[in-house]
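Just below is one structure, and these are the notes that go with it.
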Amino acid sequence: MAFEANFTNKFKILNDPIYGFISIPSELIFDLIEHPYFQRLRRITQLGLTYLVYPGAYHTRFHHAIGAMHLMQRAVGVLRSKGHEITDEEEEAVYVAILLHDIGHGPFSHALEHTLVRNVDHEQLSTLFMERLNQEFDGKLTLAIQIFRNQYTKRYLYELISSQLDMDRLDYLRRDSFYTGVTEGAINSERLLTMLNVADDRLVVDAKGIYSVEKFIVARSLMYWQVYLHKTVLSAEFMLVNVLQRAKELSSEGVEIPGTQGLRTFLYEDPTWEDFNSSPTLLDTFAHLDDADIMAAIKDWCNHEDRVLSDLSRRLVNRRLFRIELQKEELDTDYVDDIRQKIQSTFGFSTEEASYYMIEKSMSNDIYRAGDAQIRLLFKDGTVSDVAEAADQLNLKALQTAVTRHFICYPKEVWNPKK
């Protein structure tokens, strides 16, 4: 994808609703932001279909990337003020790495991960995008890529980008809380930033910031169950997955599926990770995909001749979402079979068609992980301790245990409250 750098003044200031004015720190950062690969993030929602539950959650991956870069600027300043050497080259590299850390996200972010591109996650695609940009920018991203891959000598620079207390999480928790209106997720990111430090080449938090860290972990837990894993959001996003999977199945059978050229590539050719590595044009095709491709296609599919594709599309467009039942215990197999039979009899579906109308899955989430990925506290005597061991709140230790929920989604028409 050819790109010509803009030669106007590149030291711009952006006005962000979370942090106020954000400065663009270098000409390279400006040119990366201006690049079509990055501008595409304006058209990808940060929280997928969460806006169907929280109407304000229309913010994008562009917002988040810029916000995370701003926090990285603050983090670098704090660490330098505490005597840790970060060269000018390392500084720009961590800005580039955090700016581009989510550039590989596809339409609707996590909602369609592994759906449009099988067995390929956004981190892999982010690396591909960074490598392509590195070629276009004459190797200026080489150090950023090393840090992003945790291949650089200073490990704490990588942990600023990817850890349990990185700039990514600090921004998305505060930003998602703001746009959804879920105040339980609000965190004091400025306090956490001022407490950052380095010990033995690892990112740590000064011990006096322990209560801010506790609040951060608890807020993340609350956001997962109230926003990221909200049951209605789960229903909507798995319905979206089923719509795309139905379109893929029909395309594999030679049925005509309308869509943009980029979307049709991923429906009909069903590329894999190997294809991305062997085809020089496939990444550019992916870079043309965003939320608009998907929603325009789904609106068109509302009138498709295939009754499953058209009905599921209409349900999604008109927010007629499946009912969802969520519980701690595994679902009773007889109950699941009963739901399946009711779907077939109610709509006259075959077993294969009915499979798109029942979603039976489980999800697990561990909010805080101990071990090598732990959040470390640095005490005045130089000792370092896991925050879960030093915290006053007993629930932090409980949050180390993965929580599993089982759920089933199906059309409300077949719900029997007297079951």
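I'd like the residue in the stretch 391-400 that is surrounded by fewer than 17 Cβ atoms within 10 Å (Cβ to Cβ) and among the hydrophobic types (A, V, I, L, M, F, W, C) and, out of all such residues, is modelled with the lowest pLDDT.
So in the stretch 391-400, the residues surrounded by fewer than 17 Cβ atoms within 10 Å (Cβ to Cβ) come out as 392-395, 397-398, 400.
From the residues that got through so far, the ones that are among the hydrophobic types (A, V, I, L, M, F, W, C) too are 394, 398.
Working: 394: 50, 398: 63.
Looking at the filtered set, the residue picked out is 394.
Is it true that some residue in the stretch 50-58 is of a type in the set (Val, Ile, Thr), touching a residue at least 40 places away in the same chain (Cβ under 8 Å) and more than 16 Å from residue 177 (Cα to Cα)? Step through it out loud before you land on a result.
Residues of the stretch 50-58 of a type in the set (Val, Ile, Thr): 50, 53.
Subsequent filtering for residues that are touching a residue at least 40 places away in the same chain (Cβ under 8 Å) retains 50, 53.
Filter once more, so that each one left must be more than 16 Å from residue 177 (Cα to Cα): none.
Among the residues of the stretch 50-58, not one is of a type in the set (Val, Ile, Thr), touching a residue at least 40 places away in the same chain (Cβ under 8 Å) and more than 16 Å from residue 177 (Cα to Cα), which makes the answer no.
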TODO: Taking residue 201 as the residue in question, decide whether it is assigned by TED's automatic domain parsing to the domain that holds residue 154, touching a residue at least 12 places away in the same chain (Cβ under 8 Å) and within 18 Å of residue 373 (Cβ to Cβ).
DONE: yes
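Among the listed residues 56, 83, which satisfies the condition of being at positive phi, more than 12 Å from the chain's Cα centre (by Cα), at pLDDT 95 or above and not assigned by TED's automatic domain parsing to the domain that holds residue 264?
83
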Open item on the list: Given the options 248, 231, 215, 208, name the one that is in contact with a helix residue (DSSP H, G or I) (Cβ under 8 Å, 6 or more places away or on another chain) and surrounded by fewer than 19 Cβ atoms within 10 Å (Cβ to Cβ).
Closed with: 248
TODO: Could you grab the pairs with beta carbons closer than 6 Å, sequence gap of 6+ or different chains, first residue in the stretch 60-75 and within 12 Å of residue 161 (Cα to Cα) and assigned by TED's automatic domain parsing to the domain that holds residue 41, second one part of a helix (DSSP H, G or I) and acidic (Asp, Glu)?
DONE: 68/168; 68/171; 71/171
Task: Number of the exception - residue 260 against (1) among the β-branched types (Val, Ile, Thr); (2) modelled with pLDDT under 95; (3) over 30 Å from residue 369 (Cβ atoms) - done: (2)
TODO: Look at the stretch 305-333 and say how many of its residues are of a type in the set (S, T, N, Q) and surrounded by 15 or more Cβ atoms within 10 Å (Cβ to Cβ).
DONE: 2
- [ ] Spot the failing condition for residue 160; the list is (1) under 13 Å from the mean Cα position of the chain (by Cα); (2) closer than 21 Å to residue 220 by Cα, and only one is missed.
- [x] (1)
Open item on the list: Residues that are touching a helix residue (DSSP H, G or I) at 6+ places or on another chain (Cβ under 9 Å) and of a type in the set (A, V, I, L, M, F, W, C), at least 2 per element: which helices (runs of 4 or more DSSP H) completely within the stretch 265-357 meet that?
Closed with: 273-278, 282-287, 291-301, 307-317, 333-347
- [ ] Mind counting the residues in the stretch 211-232 that are among the polar types (S, T, N, Q), more than 23 Å from residue 325 (Cα to Cα) and under 18 Å from the mean Cα position of the chain (by Cα)?
- [x] 0
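Evaluate the stretch 288-298: report whether one residue or more is of a type in the set (Val, Ile, Thr), buried (at least 18 other Cβ atoms within 10 Å of the Cβ) and in contact with an Asp or Glu (Cβ under 8 Å, 6 or more places away or on another chain).
No, the stretch 288-298 contains no residue that is of a type in the set (Val, Ile, Thr), buried (at least 18 other Cβ atoms within 10 Å of the Cβ) and in contact with an Asp or Glu (Cβ under 8 Å, 6 or more places away or on another chain).
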TODO: Please verify whether the stretch 83-106 includes one or more residues that are farther than 23 Å from residue 26 by Cα and touching a helix residue (DSSP H, G or I) at 6+ places or on another chain (Cβ under 9 Å).
DONE: yes
Task: Single match in 233, 227, 255 (criterion: more than 30 Å from residue 166 (Cα to Cα) and touching a residue at least 12 places away in the same chain (Cβ under 8 Å)) - done: 255
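The values are calculated or read from the model by the stated rules, or taken from the named source; none is laboratory data. The model shown is predicted, which means the values in this text are computed figures rather than measured ones. No Cβ is skipped: glycine too gets one built from the backbone with ideal geometry, and neighbour counts run over all protein chains shown.
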